[in-house]
Each structure stands twice: as structure tokens, then as C-alpha cells.
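Some notes on the structure that comes next.
Read-outs throughout are calculated quantities, based only on the coordinates presented, and are distinct from any laboratory measurement. Everything numeric here is computed off the predicted structure, so don't read it as measured data. Positions of Cβ are generated from backbone atoms using ideal geometry, with glycine treated the same way; all protein chains shown enter the neighbour counts.
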Amino acid sequence: MSAIDYWHPVLPAAKLRRRPVAVRVAGGHELVIFRTESGAIGALLDRCPHRRMRLSKGKVHGERLICPYHGWNFAPDGTGKVPSTANARVCTTAFDATERYGAIWVKAADSVGTLPQLHGVDHVQAFCLLYHIAAPLELVVDNFAEIEHSVTTHVLLAHDADGIAKTDCEVAIEDEKVFVRNVGPQKSVFKPFRWLLGYDADDLFVGEGEIKFQPVHLKLSNYWLNPETQARRYTQMSGAVFFNPVSATETDLMLFGFTTKHDSAVARFMKKVFLTAVIHVETILDKRMMEGIADKNPAIEGMKLGRFDRPLFALRERIQRLYWGNGEADYLKIRRKPAIDGSASQGQQASAE
């Protein structure tokens with residue numbers, strides 16, 4: 001399978017209104033997304049087969065998308081009509097499209113990709129957010145696979161600078177997924193924020209993430225532990241992050257957040273508003289940091305790596321093999337083994353494999 005065979009979320013459903021929207025997905029496939037008057041969702045190649053005009057510049061009339069150049073028009077299944085030639089038979093490439101979890105999802109027509117299950121029966125959705133990052137897929141996934149950067153980058157969902165050395169980092173690497181769990185002291189924040197999130201000042205912050213690759217996405221859970229009893233606090237945030245490589249140097253992030261539905265309606269509303277704001281702020285801070293990287297080449301060779309960087313090699317190999325599905329990438333032909341015992345903190349080069 002190729003990357004476009006998997007379901008990718010490309011647009012918050014609330015942003016698909018009367019006008020068509022241009023999107024890019026899975027390495028630069030250019031699509032136009034539109035909603036017909038009956039509510040059907042269409043996803044077509046964003047290029048009219050007549051004179052290659054962008055269909056996203058057109059408009060929707062009834063159940064068809066009209067090209068703005070000569071009026072050729074297309075149904076969601078790609079079948080077209082030519083106003084000047086009544087018996088003309090034309091078509092364009094159509095993609096499968098659906099609406100789920102507050103987002104528009106697309107994949108190649110008739111491929112066997114299945115929509116991921118994002119939450120359990122005891123959760124309700126809190127948000128669906130889209131961000132554009134001017135950095136390649138691998139570097140963006142790296143950011144979400146480690147927690148060390150939270151000390152300097154994040155405001156609320158972060159580990160304490162003085163306690164990061166005590167943070168445990170567990171990594172489990174399997175053939176089709178990578179699991180990361182970090183447990184350590186929570187960064188100090190104002191008491192009202194602690195109250196809203198439901199934890200005490202000396203609690204341990206836990207971040208768990210499972211990264212899969214068909215498509216590339218992270219299912220995550222954040223919660224707090226009582227340091228004495230190891231009991232979980234009531235508040236637990238779960239979510240998913242989908243990584244859409246819109247080009248070789250750009251990545252779109254679609255974030256989904258969920259809260260427990262056992263809360264009262266008022267509590268759910270407060271959590272929804274507060275968590276949406278928190279995740280937005282933290283993601284904007286991540287975006288600024290990733291876009292500020294001096295060398296955005298995804299190659300690992302030459303980096304000095306520490307114990308939180310253990311997943312990097314596995315992530316790149318699985319992105320290449322499971323997502324792109326076209327053999328080994330050039331940056332994997334020369335591999336280096338990261339130092340995971342703290343030696344990288346002394347400036348030592350990661351040893352050759």
C-alpha cells in the first residue's frame with residue numbers, strides 16, 4: 001500500500017462550508033474537498049481534466065462542483081458533464097471521503113485502509129484542531145515522541161527542570177508500533193491551573209503515547225499520579241495526533257482531544273474550553289520550536305543523542321517501511337546508535353553501529 005491508501009484527516013469539518021477547499025495529503029497529492037447541497041462530501045483531484053484549472057477555485061451548485069474556467073462540472077464520484085457538449089463523457093480522479101470525529105478524512109478510492117478508532121465508549125470529543133508546521137514529517141514526529149523538550153517549551157503539560165533527570169522513560173518497540181511512557185515531576189504552575197486539571201503540586205506527570213504508521217499517528221494519554229500511593233488522579237486527558245506530510249518540508253497536524261463523559265454537562269463544558277486552550281497554546285509553542293530548527297534534514301547521522309531519543313531510529317524505519325512502503329530511505333543506509341546512558345550529555349558522539 002502507498003501512503004494515500006490510508007485515511008488521513010485533512011480538514012476540520014466546520015471549515016468545509018459552501019465553498020470548495022484545496023488540501024494536500026500524503027506527500028503532496030493535491031485534492032479539492034467540497035460538500036454538496038444534500039450534504040455529500042466529495043474529494044477530487046484538484047485539477048480539471050480539460051485545461052488543468054484548479055477545481056478548488058470553482059463553486060458548488062447543487063450536487064456538482066463547477067470548474068470556474070469553462071464550466072465543466074463534476075459529481076463526488078468524479079463523473080463529469082460538459083455544458084457545451086451534451087453527449088461528452090468525461091471524468092476525473094475521485095477519492096473516498098467521509099466525516100468523522102469532527103474532521104474530513106480522505107484516502108484513495110477503493111483502498112482497504114480503515115479509519116482508526118480514537119476513543120472508548122466512556123469518552124466524548126472535546127476538540128479537533130489543525131496546525132501547519134514548516135518542518136518535515138520525521139522531525140515533527142520526533143517532537144511528539146519525546147518529553148524532554150517540554151521542560152523548556154511547554155507551559156502546563158511539562159516536566160520540571162530540576163526533576164527531568166529523575167523522569168523515567170520507558171520505550172517499547174514493536175514491528176508496527178512504538179510505545180513511549182514518561183513519568184516524572186510535574187512542572188510548577190499556578191494553583192488555579194492545578195485545580196482545573198485536578199492534580200496536586202507534588203504529583204507526578206505521566207505521558208503515554210503509542211505511535212502507529214498506517215497512517216502515521218499518535219494515540220496519547222496524560223494524567224497525574226499521587227507520588228506516595230501511585231494512584232491516578234481523576235482528570236485524564238486522551239487524544240490523538242495525525243501527521244500529514246503535505247510536502248517534503250511541511251507537515252499538517254490534526255489534533256483530537258477527548259474527556260470522560262461521566263462528568264456533568266457543566267464540567268464537560270469547562271474542561272472542553274480549558275483543554276482546547278491549553279492544547280492550542282502548547283502546540284503553538286511546539287510549532288515555533290520545530291520551525292526554528294537550524295538543519296531540518298531528517299538524517300540522524302551526526303546528531304548527539306540522549307536517553308529520551310531512543311525511539312528516533314525505530315520511527316524513521318517504520319515511517320519508511322510501513323507508511324511510504326518503498327524501501328529503505330537514504331538516511332537509513334548509514335545508521336548510528338544513540339547514546340542512552342547519559343553520555344550524550346557530555347557531548348560525546350553517538351557510537352557507530
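Remarks
- Bridge orientation summary for the chain: considering DSSP beta bridges with both residues in this region, about 100 percent are antiparallel.
- For the set K191/K271; K57/K272; K15/K187, the pairs lying more than 24 angstrom apart at their alpha carbons are K57/K272; K15/K187.
- Considering every alpha-carbon pair of the range 193-255, the percent of pairs per 10 Å bin, from zero through the bin containing the longest distance, is 20, 38, 23, 16, 3.
- The fewest-to-most ranking of H123, H217, H29 by surrounding Cβ atoms within 10 Å reads H123, H29, H217.
- In the range 1-158, Cα pairs under 8 Å separated by at least six residues give a relative contact order of 21 percent.
- Radius ratio Rg over Rh of the range 3-108, counting only Cα atoms, Kirkwood formula for Rh: 0.95
- When the Cα atoms of the range 95-173 are aligned to their principal axes, the ranges along those axes come out at 51, 34, 27 Å in descending order.
- Annotation: extensible slack from I293 through F190 equals 34.1 nm (criterion: 0.36 nm per residue apart, minus Cα-Cα distance).
- Using alpha-carbon coordinates, inclination of helix 265-291 to the longest axis of the chain, degrees: 90
- Stokes-Einstein D in µm²/s, Kirkwood radius over Cα pairs - the chain at 20 °C with 1.002 mPa s viscosity: 97
- Cα-only Debye scattering, the range 186-304: base-10 log of I(q)/I(0) at q = 0.10, 0.17, 0.22 Å⁻¹: -0.41, -1.03, -1.38
- Restricting the range 260-331 to trypsin sites (Lys or Arg not before Pro) that sit in a DSSP loop and have at most 12 other Cβ atoms within 10 Å of their own Cβ leaves nothing.
- Kirkwood's formula applied to the C-alpha pairs of the range 118-273 gives a hydrodynamic radius of 16.6 angstrom.
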